[in-house]
Amino acid sequence: MTSLRYAVADRRKAAAADFWLRWEVLLLVLLAVVMLVNSRLSPWFLDYYNLLDSTFNFSEKAIMALSMTLIIVTRDIDLSVASIIALASVFMGLAAQAGAGVPLLVLIGLATGLLAGFANGAIITRFQIPAIVVTIGTMSLFRGIAYVVLGDTAITSYPSGFSWFGQSYLVWSIPFEFVLFLVLAAVFGFVLHFTTTGRRIYAIGNNPVAARFSGIPVDRYRLVLFTLNGLMAGLAAVLLTSRIGSTRPNIAAGWELEVITMVVLGGVSIMGGSGTISGVFIAVFVLGMMTFGLSLMNVPGIVMSVFVGVLLIASIAVPILIRRMLRREP
Amino acid sequence: MDLTALARRREVVLLVLIALLLAAVGARAPVFLTPASLGDVLTDTAILLMLACGQMAVILTRGIDLSVASNMAFTGMCTALLSKYHPELPIAVTLALAPLIGFCLGAVNGALIAWVKIPPIVVTLGTLSAYRGMIFILSGGASVVTHEFSRPYLDFPRQSLFGVSALVWIALVVCAGMAVFLNFSRTGRSLYAVGGNPLAARYVGIGIERCQFLVYCLSGTIAGLCGYLWVSRYAIAFTEVAFGYELTVIAACVIGGVSVAGGIGSVSGCLLGGLFLGIIGNALPVIQVSPFWQMAISGFVILCAVIVNSRSEARKGKLILRETEPAVQAPLQVRPETPS
């Protein structure tokens, strides 16, 4: 009687092409190209203070991209983050009009984000609905509430101390927002890559059913991640509202797509289960530096979206096509 | 079909809801229920209905097309500029060119998704940005306004036939065409198969790539046509035309019972979902509710619709592990152990 045995092939030996086709390496090359081109085109690009100030334009989005990475790794997506910013900003504005102090304002911003994220997660896990439809719904709902409250008016009456979060510098004129992003990136990177929790997040993204069979409370993880994502959007709302000092219902319009672009460009598969924080970290700088360079050349923001869109597609298509060609060769 | 099964059908539920909505609005403002007013609602919703049909075909195959609004705005700007600089061209040229431009933009999506194998959400997210930026490059940031359009360009969708505007007739033809295509053609049926179970569809010999390419071309073509109709209807073309409208289109599909998991959906459901949103949008000013409520209400309706969707599919009792379709079996290298 013959029994069957599964033969598992050894891992292939690492080739030079593997290193060069690693996403982070490709992104670093891309970043170098962007820096080089920009510094040739504009004499003001490689200026210490200019570069640091340019981080104001992407720090808030970058902070949201970190938690969005975890969401996308578990095969979910959250389209409502920009609307959560609007909602949190409106509640902060109402509190400021009622005379709330700075600590209370920050608390309200964070709590609104947390609750909104929890609502997303609760609906998604309780009713087992795909995240994309739920967050399309809450995206309208949250921003809709902001429109109902504000109409076509704006709130600008923030206490003077509130501007610290979005406008202050720490040592060596490094913006506070940017330092916060660096610290959070380290924390997220540690959790995702060096803890059991992180490994479980990958497991859920690779195969939710198998993950549940091996005892991972999948829905609880997803609920926590959506709540965390809401909290990060609340934090971004505090920073953004503090930086621009006003709340309008269309605040941060379209940011959800920019945040997702950062994550996907960072090599996180939209099908879940793969991607690294370091990839997203570099992608943040690729997009940030490209936008900064284009703005130094007076390219209007809407034209930049062509570059961003093409970069997003090309950065994914080119490695796929290269791999396909390499595979055909031998 | 017995009554409970009938009551569970999405189309019936939506019809009842729409009737209730109309009755409620009519009670507050009887003027809303006059034929002229209802005709206006239909004209206002016609573009949404067409786009929802195109989007449904995409969602059927487990895809999503986020670039429709940008496609529409770009095509609209192309036709507007043509009308501005060549007012002598007959309207037939515009009517042929708009779907063609839309088709090309859709084909780019389709090719990247079907043959380069990039996930649909990533591709259309990218083209959403890119097409929108291309409008600015094309127009130099300027807008084309009312008096710059040629007369036929503006007049064509406004013509009235049997008391209904040409816009509605076009929508009717497009939607009926989609219904016939999806229900009675071999390719149409295979779209359901591709979304329902791609693996099985592959085994029975359906060209999945061809189907994917086709639906994005279809969605793009409809978006192109709608681009001309939108610009003509509002008599203005600028960079931000229909900004964010893709989500309204997807919302109409979701309310109409189209499953984002693929394989489920009907043209009639889509139409009712679109009409529901259209009636809400038109009714608010009539009953003197601030139009700023519209977004919050449609968000709320979407959430209710998806929760109802999930409840009708959910089973009784608490399951820790839900039954799912069997996972794709990876081919294992199996070898008999050699007796030593």
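Bear in mind these aren't lab numbers, they're just calculated from the coordinates by the rules spelled out. Nothing here was measured: the structure is a model prediction, and the numbers come from that model. Cβ placement follows ideal geometry from the backbone for every residue including glycine, while neighbour counts extend to all protein chains displayed.
Observations, loosely collected:
- If you sort the three axes of the alpha carbon gyration tensor as a ≥ b ≥ c, you get a/c of 1.5 or more for the range A:12-95 and a/b no higher than b/c, which makes it oblate.
- Percentage relative contact order, the range A:193-330, counting C-alpha pairs under 8 Å, at least six apart: 20 percent
- If you run the Gaussian network model on chain A, springs between alpha carbon atoms under 10 Å, then out of A:V286, A:V73, A:V134 the most flexible one is A:V134.
- Segment B:V180-B:V93, extension gain: residue separation times 0.36 nm, minus the distance between their alpha carbons: 28.7 nm
- Only Lys, Arg (+1) and Asp, Glu (-1) charged, at Cβ; chain A dipole about Cα centre in debye: 1200 debye
- Put a dot 7 Å past the Cα of A:S163, heading toward its Cβ, do the same for A:N250, and the two dots end up 2.5 nm apart.
- Global geometry of the range A:80-225, whether rounded, prolate or oblate, following the gyration tensor of its Cα atoms and the 1.5 cut on a/c: oblate
- Helix B:120-139 vs. chain B, principal-axis angle (Cα, 0 to 90°, nearest 10): 20 degrees
- Take every pair of alpha-carbon atoms less than 8 Å apart whose residues are at least six positions apart; their mean separation over the length of the range A:88-137 yields a relative contact order of 31 percent.
- Cα gyration tensor of the range A:134-181 - equivalent ellipsoid semi-axes, whole Å, descending: 31, 18, 6
- Taking label points 7 Å from Cα along the Cα-to-Cβ direction, A:L28 and B:L22 give a separation of 6.5 nm.
- Put a plus charge on the Cβ of each Lys and Arg, a minus charge on the Cβ of each Asp and Glu, and nothing anywhere else: the dipole of the protein assembly as shown about its Cα centre is then about 1800 debye.
- The value of relative contact order for chain A, using C-alpha pairs under 8 Å at least six residues apart, is 33 percent.
- Taking the range B:257-271 and a reference point 7 angstrom along Cα→Cβ of B:L15, the backbone N atoms nearer than 16 Å belong to B:257, B:266-271.
- Relative to its residue count, the range B:72-146 spans a Cα convex hull of 86 Å³ per residue.
- Distance-filtered residues of the range B:51-91 - backbone nitrogen under 19 Å, label point 7 angstrom along B:I137 Cα→Cβ: B:67-82
- Model label points for A:T153 and A:S295, set 7 angstrom from Cα along the Cα-to-Cβ axis, are 3.0 nm apart.
- All C-alpha to C-alpha distances of the range B:268-309, sorted into 10 Å bins beginning at zero, yield P(r) values of 28, 53, 19, 0 percent in whole numbers.
- Per-residue [θ]222 nm for the protein assembly as shown (sum of -39500 (n - 2.57) over DSSP H runs n ≥ 4, rounded to 500): -23000 deg cm²/dmol
- Mean projected area in nm² (Cα convex hull; one quarter of hull surface) for chain A: 21.8 nm²
- Kyte-Doolittle at least 1.6, axis length at least 18 Å by Cα - qualifying DSSP helices, chain A: A:23-41, A:81-97, A:102-127, A:131-150, A:176-194, A:277-296, A:301-328
- Between the listed residues B:L60, B:M77, B:T43, the Cα displaced farthest toward the positive end of the dipole of the range B:1-108, a dipole computed from Cβ unit charges relative to the Cα centre, is found at B:L60.
- Highest-MSF residue in chain A out of A:S168, A:S83, A:S269 [GNM, Cα springs under 10 Å]: A:S168
- Considering only A:G151, A:G288, A:G230, the mean-square fluctuation computed in a Gaussian network model of chain A, springs between alpha carbons under 10 angstrom, is largest for A:G151.
- Alpha carbon convex hull of the protein assembly as shown, volume per residue in cubic angstrom: 212 Å³
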